[in-house]
Amino acid sequence: EPGDRFRIVEDAELALLANDTRQDPDAVDRMLHRDFVEIGRSGRLWRRADTLSSLRSEDARESPVVDEWRFEEISADLILVTYRLRTSAGQSRHSSIWDLAARPPQIRFHQGTVIPPPTP
């Protein structure tokens, strides 16, 4: 059922945004696909090993507000999710591709793009 699959992806995405998960190297290791790639908000390309290493030294972060969820089935096992993330530092739009054939589901790709502040 698509709704159930979309909830699984939303829960997994929110877990990766949570400090408890980000500070648990084993949990992150299980969630990142072996070919995981991220294009960060800065434009930097992050590979799986880079991401795992960076998260090991990351300090706790402000919990973001996440909204504007959209889900698209790419194939029987792949779901594209997009959403907006808001913190006191600003806003950004994000997209991820999740592989539901993996157990637990694994993120294969992620990209974040800064939303510039409105101009007066």
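The values are calculated or read from the model by the stated rules, or taken from the named source; none is laboratory data. Given the structure is predicted, the values throughout are model-derived calculations rather than measurements. Note that we place each Cβ from the backbone using ideal geometry, even for glycine, and neighbour counts take in every protein chain shown. Side chains included, ligands, DNA and RNA excluded: accessible areas come from the protein's heavy atoms. Shrake-Rupley method; radii C 1.70, N 1.55, O 1.52, S 1.80 Å.
Structure data summary
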read-out	value
Test: residue in region 97-114 that is among the small types (G, A, S) and open to solvent by 40 Å² or more (accessible area, probe 1.4 Å)	yes
Residue within region 29-37 that is open to solvent by less than 30 Å² (accessible area, probe 1.4 Å) and either on the phi > 0 side of the Ramachandran plot or of a type in the set (F, W, Y) (or both) present	yes
Condition met for F6 (in contact (Cβ under 8 Å) with a residue 40 or more places away in the chain, under 23 Å from R86 (Cα atoms) and buried (at least 16 other Cβ atoms within 10 Å of the Cβ))	yes
Pick from region 28-59, criterion aliphatic (A, V, I, L, M) and touching an Asp or Glu at 6+ places or on another chain (Cβ under 8 Å), ranking: nearest to L80 (Cα to Cα)	L45
Condition check for Q23: touching a strand residue (DSSP E or B) at 6+ places or on another chain (Cβ under 7 Å) and among the polar types (S, T, N, Q)	no
Residue count, region 50-70 (criterion: modelled with pLDDT of 95 or more and open to solvent by 50 Å² or more (accessible area, probe 1.4 Å))	4
Restricting region 34-48 to residues that are of a type in the set (G, A, S) and farther than 15 Å from I107 by Cβ, the residue that is modelled with the lowest pLDDT	S42
Residues (open to solvent by less than 60 Å² (accessible area, probe 1.4 Å) and either in a helix (DSSP H, G or I) or touching a helix residue (DSSP H, G or I) at 6+ places or on another chain (Cβ under 8 Å) (or both)) located in region 9-24	V9, E10, A12, E13, A15, L16, L17, N19, T21, R22
Failed criterion for R108 (all others in (1) within 15 Å of V9 (Cβ to Cβ); (2) at pLDDT below 95 hold)	(2)
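Residue-by-condition table, conditions (1) free of Cβ contacts under 8 Å to residues at least 60 places away in the same chain; (2) more than 27 Å from P116 (Cβ to Cβ):
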{"residue": "R22", "(1), (2)": "yes, no"}
{"residue": "L32", "(1), (2)": "no, yes"}
{"residue": "E38", "(1), (2)": "no, no"}
{"residue": "R44", "(1), (2)": "yes, no"}
{"residue": "D50", "(1), (2)": "yes, no"}
{"residue": "R61", "(1), (2)": "yes, no"}
{"residue": "F71", "(1), (2)": "no, no"}
{"residue": "R84", "(1), (2)": "yes, no"}
